[in-house]
Amino acid sequence: MAHQYLKTQPDVKGFFGEFGGSFIPPELQKEMDAITDAYFSISKSHDFITELRAIRKHFQGRPTPTYFCRNLSNKTGGRIYLKREDLNHTGAHKLNHCMGEGLLAKYLGKKRLIAETGAGQHGVALATAAAYFGLECEIHMGEVDIAKEHPNVVRMQLLGAKVVPVTHGLKTLKEAVDSAFQAYLIDPVTSIYCIGSVVGPHPFPMMVRDFQHVVGIEAREQFLEMTGELPDVVTACVGGGSNAMGIFSGFLDDEDVRLVGVEPSGRSLKIGDHAASLSYGKPGVLHGFRSYLLQNDKGEPEPVYSIASGLDYPGSGPEHCMLKDKGRVEYVMASDDECLEAFFTLSRIEGIIPALESSHAVAYAQKFARENPRQSILVNLSGRGDKDIDFIVENYKIPEA
Ligand SMILES: *Cc1c(COP(=O)(O)O)cnc(C)c1O
């Protein structure tokens, strides 16, 4: 029963309703088709499943706990629970799909993992997977981001990855994607491209969701065991949407469980001040797939912004777009200020420093708990906030003790 939904989405061409698909040059399409075929056969094999299970348990430290926030619940008057992806190795949910992609690369006999990174979180997770599997790793990163995210650059280098500076255009994420794709096209036989969320051309949105599904399976079981019932609401922040699809996919067949994705409304609702693509985007194509996109009249992506760099993307995973249209998932927003308040509150009263991305979901959970004291809400705490501490210290005042 709990696994019916996943078998029906996407369709054979990788569409979730009208979203997703694959809008890429023919030479790249051949490679994507090969990866799709290989994924379907390999990911169902006994050896692959056994090896991935062992990796999750012994290397990543899964299952991560589900935790009842007594203090935050008392403060808000509701019942708030966290799925602790911040306790996953490397401190966030991203390693779940990077280890899956790395294992697939190993089965395919690939020698090298290629990807882009913005703030460096995906690059670090992928470099970790490459080190584990003994594969080469090449991470494309804009020069502007390299200067801003120095600790993550050092981490990638320590883990043995080659960081390739991207020097054209705005020298940030979009150019890094182009550069990584080009590098992949030069050598698609020995390399594999590893995307960082449930975005990009088919099969990536499906593959990344499937690798993140473990979060939802664990959370559902743990919540049932702790409380004897299912949560009333499950919530997660949405950038590309991988941590949200991970936890939501465990509950999609439970019709009574409300699912709520939280997008960043940033510093205002003016263009360039937020990244709420599901709330304000229009259907369009970017990076090889169709989604709700923040775009101008010419169909070019608009600049986006969030205090949390991991949420700073003008599109969204195609499955989220479909789930929004179906009404199965609601999408709401949290602002920079609400995110910061939640960041400081969870740190101070629960002893858990959350990632700024995850703080958006915590902000929504607090609001929900105040308004719905009898109901339970389960938050996917996608990552820990250690990476954000320098930024916080430089830009904000820590509340008095
Ligand atoms: C990258 C990141 C996100 C955003 O990515 P999704 O694909 O939307 O999950 C959220 N939280 C953390 C901690 C991240 O590192």
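Listed values, structure above:
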| read-out | value |
| --- | --- |
| Yes/no for GLY91 being within 13 Å of the ligand (Cβ to nearest atom) and surrounded by fewer than 21 Cβ atoms within 10 Å (Cβ to Cβ) | yes |
| Condition check for ASP256: over 24 Å from GLY385 (Cα atoms) and in a loop (DSSP other than H, G, I, E, B) | yes |
| Residues of region 167-186 satisfying the condition of being in a loop (DSSP other than H, G, I, E, B) and modelled with pLDDT of 90 or more | THR167, HIS168 |
| Filtered residue count, region 244-271, keeping only those that are open to solvent by 30 Å² or more (accessible area, probe 1.4 Å), under 20 Å from GLY315 (Cβ atoms) and touching a Leu at 6+ places or on another chain (Cβ under 9 Å) | 1 |
| LEU159 being open to solvent by 40 Å² or more (accessible area, probe 1.4 Å), among the aliphatic types (A, V, I, L, M), under 22 Å from THR128 (Cβ atoms) and within 19 Å of the chain's Cα centre (by Cα) | no |
| Residue satisfying all of: in region 292-311; of a type in the set (A, V, I, L, M, F, W, C), in contact with a Leu (Cβ under 7 Å, 6 or more places away or on another chain) and part of a loop (DSSP other than H, G, I, E, B); nearest to the ligand (Cβ to nearest atom) among these | ALA308 |
| Unmet criterion (only one of (1) at pLDDT below 95; (2) more than 15 Å from the ligand (Cβ to nearest atom)) for PRO314 | (2) |
| Failed item in (1) under 23 Å from ALA105 (Cβ atoms); (2) in contact with a Phe, Trp or Tyr (Cβ under 8 Å, 6 or more places away or on another chain); (3) part of a helix (DSSP H, G or I), with MET226 passing the rest | (1) |
| Scope region 116-154; condition touching a residue at least 60 places away in the same chain (Cβ under 8 Å), assigned to a strand (DSSP E or B) and open to solvent by 10 Å² or more (accessible area, probe 1.4 Å); matching residues | GLU116 |
| Complete set of residues in region 325-370 that are outside any loop (DSSP other than H, G, I, E, B), surrounded by fewer than 24 Cβ atoms within 10 Å (Cβ to Cβ) and free of Cβ contacts under 8 Å to residues at least 60 places away in the same chain | ASP337, GLU338, LEU340, GLU341, PHE344, SER347, ARG348, LYS367 |
| Restricting region 352-394 to residues that are of a type in the set (Asp, Glu) and more than 14 Å from the ligand (Cβ to nearest atom), the residue that is farthest from SER309 (Cα to Cα) | GLU371 |
| Subset of region 94-115 (residues that are among the aliphatic types (A, V, I, L, M) and open to solvent by 10 Å² or more (accessible area, probe 1.4 Å)) | LEU108 |
| Lone unmet requirement of (1) in the same structural domain as ASP388 (by TED's automatic domain parsing); (2) part of a helix (DSSP H, G or I); (3) within 15 Å of the ligand (Cβ to nearest atom) for ASN71 | (3) |
| Yes/no for SER242 being modelled with pLDDT of 95 or more, of a type outside the set (A, V, I, L, M), under 18 Å from the mean Cα position of the chain (by Cα) and over 30 Å from PRO26 (Cβ atoms) | no |
| Filter pass, ILE377 being of a type in the set (Val, Ile, Thr), touching a strand residue (DSSP E or B) at 6+ places or on another chain (Cβ under 6 Å) and crowded, with 24+ Cβ neighbours inside 10 Å | yes |
| Given (1) open to solvent by less than 50 Å² (accessible area, probe 1.4 Å); (2) touching a residue at least 40 places away in the same chain (Cβ under 8 Å); (3) more than 30 Å from GLU116 (Cα to Cα), number of the condition ALA308 does not satisfy | (3) |
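Residue by residue, here is whether (1) free of Cβ contacts under 8 Å to residues at least 60 places away in the same chain; (2) surrounded by 12 or more Cβ atoms within 10 Å (Cβ to Cβ); (3) in contact with a Pro (Cβ under 9 Å, 6 or more places away or on another chain) holds:
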| residue | (1), (2), (3) |
| --- | --- |
| TYR5 | no, yes, no |
| VAL12 | yes, no, no |
| PHE19 | no, yes, yes |
| ILE24 | no, yes, yes |
| GLU27 | no, no, yes |
| SER43 | no, yes, no |
| PHE48 | yes, yes, no |
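The values are calculated or read from the model by the stated rules, or taken from the named source; none is laboratory data. All figures in this text were calculated on a predicted structure; none of them were measured in a lab. Using ideal geometry, Cβ is built from the backbone for each residue, glycine included, and neighbour counts are taken over all protein chains shown. Only protein heavy atoms, including side chains, enter the accessible area calculation; ligands, DNA and RNA are left aside. Shrake-Rupley method; radii C 1.70, N 1.55, O 1.52, S 1.80 Å.
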